[in-house]
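The values are calculated or read from the model by the stated rules, or taken from the named source; none is laboratory data. All values derive from a computational prediction rather than experimental measurement. Here the Cβ is made from the backbone with ideal geometry for all residues, glycine too, and neighbour counts use every protein chain on show.
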Ligand code: P6P
């Protein structure tokens, strides 16, 4: 009998073998993210009805207070993770500090921490452009049974045990890695089930799509400016000029580039001297996915996942996508090493 598309649940069970030393906690953690993604998807998909349902901060027709969707998404992911009693701490773009999660009898027996951007690009919702959730999972480094500390969250990206995103687009997909490649699952909204639609996703090593906000050109450093001039050159031998595609939603640009080939850049600028994207819950998970998909992710000079975090919400510049495109961009950045000291 022809093998049907397997579901995310079946995939997790089949790949349990990779986590032989865990008691299925990581699998249960991925499952809880699956549930939260479906709940958020339902809300995001009806966001267009805001005039009927009531804008954020107002009361909707059912008399319920409407939350801003990124606050709503944060609440859904936090609540789902807490209810499943799988993690001992959560850091979120929507929370100033990390949140200690205590199980029953105030214990902290769970060994994973989650860092999350619950709804990246949420300003795009009002104009019906795709948005995404980005998550990163680590084993705690402080003793099990004690409350988590900042040290559990300030780990290098190399220590991630899993990372992924949900893209709420023309279809809703959950794309994640546990260090054994990248797999994409598409939601069938009719039955609320994710099916494996994109097995073993890989960045093409080359591509001709570049994603950057060129409106900031004047604020960029010389290395980025020289690279952009290269992208614009009419040079068939270098497959230029490239095509500019910038959605304003990291997850969507990254997802398209992973399928078609391309590079996404959010560099430092005079307007954003540290860059804009957050290291812990945007750049590190995206970098883990990029490298697991045969791509590359650096700050223009060094691997994103080698950077030692110092603050929960710190920003770093990011160049990520097709390996050879990132390497070419780094050749221009290397001519201006002073820009590495952001
Ligand atoms: P800009 C969305 O706010 C985001 O974090 C990414 O998803 C997106 O790529 C970027 O910022 C857009 O930023 O400055 O170009 O509007």
Any residue in segment 196-212 that's within 16 Å of the ligand (Cβ to nearest atom): show its pairings with residues that are assigned to a loop (DSSP other than H, G, I, E, B) at Cβ separation under 6 Å, as long as the two are six or more apart or on different chains.
209/245; 209/262; 210/242; 211/245; 211/246
Those residues of segment 246-264 which are in contact with a helix residue (DSSP H, G or I) (Cβ under 7 Å, 6 or more places away or on another chain) and within 12 Å of the ligand (Cβ to nearest atom) amount to 246, 247, 248, 249, 250, 254, 264
Could you check residue 134 against (1) outside any strand (DSSP E or B); (2) touching a helix residue (DSSP H, G or I) at 6+ places or on another chain (Cβ under 9 Å); (3) under 25 Å from residue 325 (Cβ atoms) and say which number it fails?
(1)
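Counting only residues that are assigned to a loop (DSSP other than H, G, I, E, B) and more than 10 Å from the ligand (Cβ to nearest atom), which one in segment 265-274 is surrounded by the most Cβ atoms within 10 Å (Cβ to Cβ)?
Ranking the qualifying residues of segment 265-274, first place goes to 267.
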Within segment 235-245, considering residues that are in contact with a strand residue (DSSP E or B) (Cβ under 7 Å, 6 or more places away or on another chain) and more than 15 Å from the ligand (Cβ to nearest atom), the one nearest to residue 197 (Cα to Cα):
243
Residue list for segment 213-234, restricted to those being within 14 Å of the ligand (Cβ to nearest atom) and in a loop (DSSP other than H, G, I, E, B):
213
Please verify whether segment 302-325 includes one or more residues that are farther than 20 Å from residue 115 by Cα and assigned to a loop (DSSP other than H, G, I, E, B).
yes
With criteria (1) at negative phi; (2) modelled with pLDDT under 95, residue 239 comes up short on (1)
Taking residue 208 and the conditions (1) surrounded by fewer than 20 Cβ atoms within 10 Å (Cβ to Cβ); (2) over 24 Å from residue 131 (Cα atoms); (3) in contact with a helix residue (DSSP H, G or I) (Cβ under 9 Å, 6 or more places away or on another chain), which numbered condition does it fall short on, given that it satisfies the others?
(2)
Looking across segment 275-298 at residues that are over 17 Å from residue 115 (Cα atoms) and more than 16 Å from the ligand (Cβ to nearest atom), the single one that is surrounded by the fewest Cβ atoms within 10 Å (Cβ to Cβ) is 294
Filter result for residue 144 (closer than 30 Å to residue 100 by Cβ and at pLDDT 95 or above)
no
All positions within segment 102-126 that are in a loop (DSSP other than H, G, I, E, B), more than 16 Å from the ligand (Cβ to nearest atom) and in contact (Cβ under 8 Å) with a residue 40 or more places away in the chain:
102, 108, 110, 111
Sort out which residues of segment 127-170 are within 16 Å of the ligand (Cβ to nearest atom) and loosely packed, with under 14 Cβ neighbours inside 10 Å, and write them in order of number.
127, 128
Does residue 116 satisfy the condition of being assigned by TED's automatic domain parsing to the domain that holds residue 24 and closer than 19 Å to residue 168 by Cβ?
yes
Which condition does residue 176 not pass, out of (1) surrounded by 22 or more Cβ atoms within 10 Å (Cβ to Cβ); (2) over 13 Å from the mean Cα position of the chain (by Cα); (3) not in a loop (DSSP other than H, G, I, E, B), if it passes all the others?
(2)
